[in-house]
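Trainee: Have a look at this one before I ask anything.
The values are calculated or read from the model by the stated rules, or taken from the named source; none is laboratory data. Note that the coordinates shown come from a computational prediction; the quantities given were computed from them, not determined experimentally. Heads up, the Cβs are rebuilt from the backbone with ideal geometry, glycines too, and the neighbour counts pull from every protein chain shown. Ligands, DNA and RNA are excluded from the accessible area calculation, which covers all protein heavy atoms including side chains. Shrake-Rupley method; radii C 1.70, N 1.55, O 1.52, S 1.80 Å.
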Amino acid sequence: MRIALVGFGSVGRALAAMLPVRAESLYRAMGLAPRLVAVFDSRGAAISENGLELAALAAAKDSRGTVGALAPHGIMLSGPNDAPTLIRDLHADVFIEASPSNLASPLPAINNIKAAMSSRKHVVSVNKAPLALAMPALLELARHNRVEFRYSGTVGAGTPVLDTARRLAQGDRITRIRAILNGTTNFILWKMATEGAEYAAVLAEAQKLGYAETDPSTDIDGIDTATKVVILANAVLAQSRGGAAARSTMTDVRVHGIRNIEKSRLQQAAARGNIVKLIGEIDLESDKPALTVSPQEIAAGSPLDTPRNLNAVQFTLQSAGEVTLVGRGAGGPETATAIIRDLVDIWNTPGAHE
Ligand SMILES: NC(=O)c1ccc[n+]([C@@H]2O[C@H](COP(=O)([O-])OP(=O)(O)OC[C@H]3O[C@@H](n4cnc5c(N)ncnc54)[C@H](OP(=O)(O)O)[C@@H]3O)[C@@H](O)[C@H]2O)c1
């Protein structure tokens, strides 16, 4: 399986490091031999149809700051149209999109995905922005070109949230999903609740620990959770009602974050035996799902009462009741395992490779 990868940061590099480690077991189990034939970062690309030498690739990135410096396979990119053109012309079976999720300017990633699909390459994306903003169109393009489109790392990173949702929707009806999908906000609310600390102090600590960005708006204003709610809702609807039902985008989500949340609000909740969590909720009772993100009280000690920066997703099923999945929702190696799951799925899809 020849793979082209865009993004050589924490996820891309973790994947490149993990592929050789997993190579033998993947080949033995199913004859799958993934081979990176192209890697792009923001400035350059390294391309070799025989497969890139991964240690040399990492060394070029470390020493020169771009994979474009890898001799003799590296090239520097001169403009935004270079990557889609190169991707279209590549001899690759799968394209992996692992550049940053930028809701304000998602076009480079969307254009790369479109270039890959229209040149009949399967696509794996861990980048949420193209999915949150253009999922219906991308699903349609994948169908039209008869390629696989996988994105299990976009929600829950290594925790298989989407796979679990699809599986549950095969055997039962999911009526509601309530989820903690952002580690930063969970860490802030958990610290405030357990230590009685003020919002600003905990946010500063989260930034120091690397859990929160210097500009934490996307997390604390609920936008990151909203992107994942859209992807999750569409994945469930595509499974349960067919691909055409997967029509939600970011504008369908009512979003309230936790910016400047008062300590007193958490204390009042505690007096009622509750804790406050930033909950992404998907109500699937009606034809059009209702999508919300808001701070909500849940019973202390209930399955969604998760500590630190863990993620948790609770599915309410018509017949089987409640099922809750808990796990880490971020991390380069964690997310790389989701990409490998997606590659395995593509490999095992009838007709997806010859
Ligand atoms: N890290 C996680 O825990 C996690 C979990 C789930 C999903 N994700 C998603 O995975 C993606 C990658 O995350 P990350 O943590 O690996 O990010 P990262 O460490 O910031 O790395 C991003 C990589 O993308 C490259 N890049 C930036 N703009 C580009 C462009 N226009 N064209 C080509 N490459 C470009 C960067 O190039 P330079 O090296 O030249 O700067 C860098 O190599 C994001 O969409 C993120 O939301 C991450």
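Trainee: Exactly one condition in (1) closer than 30 Å to F95 by Cβ; (2) assigned to a loop (DSSP other than H, G, I, E, B); (3) within 16 Å of the ligand (Cβ to nearest atom) is not met by V313; state its number.
Mentor: So V313 meets the others, but not (2).
Trainee: Just checking, how many residues over segment 5-61 are within 22 Å of P108 (Cβ to Cβ), under 25 Å from the mean Cα position of the chain (by Cα) and away from the ligand (no atom under 13 Å from the Cβ)?
Mentor: 2
Trainee: G257: touching a helix residue (DSSP H, G or I) at 6+ places or on another chain (Cβ under 9 Å), closer than 27 Å to F149 by Cβ and either of a type in the set (F, W, Y) or open to solvent by less than 50 Å² (accessible area, probe 1.4 Å) (or both), yes or no?
Mentor: So G257 does not fit the description; no.
Trainee: Moving to a separate point now. Looking at this structure, is G158 near the ligand (Cβ under 10 Å from one of its atoms) and part of a loop (DSSP other than H, G, I, E, B)?
Mentor: Against the criterion (near the ligand (Cβ under 10 Å from one of its atoms) and part of a loop (DSSP other than H, G, I, E, B)), G158 qualifies.
Trainee: Out of curiosity, is G74 under 20 Å from N112 (Cα atoms) and within 14 Å of the ligand (Cβ to nearest atom)?
Mentor: For G74, the condition - under 20 Å from N112 (Cα atoms) and within 14 Å of the ligand (Cβ to nearest atom) - is met.
Trainee: Oh, and also: Has segment 319-337 got any residue that is in contact (Cβ under 8 Å) with a residue 24 or more places away in the chain, closer than 16 Å to K228 by Cβ, open to solvent by 60 Å² or more (accessible area, probe 1.4 Å) and away from the ligand (no atom under 16 Å from the Cβ)?
Mentor: yes
Trainee: Ok, one more. Quick check, is A330 under 22 Å from the mean Cα position of the chain (by Cα), modelled with pLDDT of 95 or more, hydrophobic (A, V, I, L, M, F, W, C) and closer than 30 Å to D93 by Cα?
Mentor: no
Trainee: Next question. Checking G183 against (1) in contact (Cβ under 8 Å) with a residue 60 or more places away in the chain; (2) open to solvent by less than 10 Å² (accessible area, probe 1.4 Å); (3) within 15 Å of the ligand (Cβ to nearest atom): exactly one of these is not met. Which one?
Mentor: For G183, the failing item is (2).
Trainee: Let me ask you something else. I47: in contact (Cβ under 8 Å) with a residue 60 or more places away in the chain and surrounded by 19 or more Cβ atoms within 10 Å (Cβ to Cβ), yes or no?
Mentor: The answer is no for I47.
Trainee: Can you spot a residue in segment 9-18 that is in contact (Cβ under 8 Å) with a residue 12 or more places away in the chain, open to solvent by 70 Å² or more (accessible area, probe 1.4 Å) and of a type in the set (G, A, S)?
Mentor: Checked segment 9-18: at least one residue is in contact (Cβ under 8 Å) with a residue 12 or more places away in the chain, open to solvent by 70 Å² or more (accessible area, probe 1.4 Å) and of a type in the set (G, A, S).
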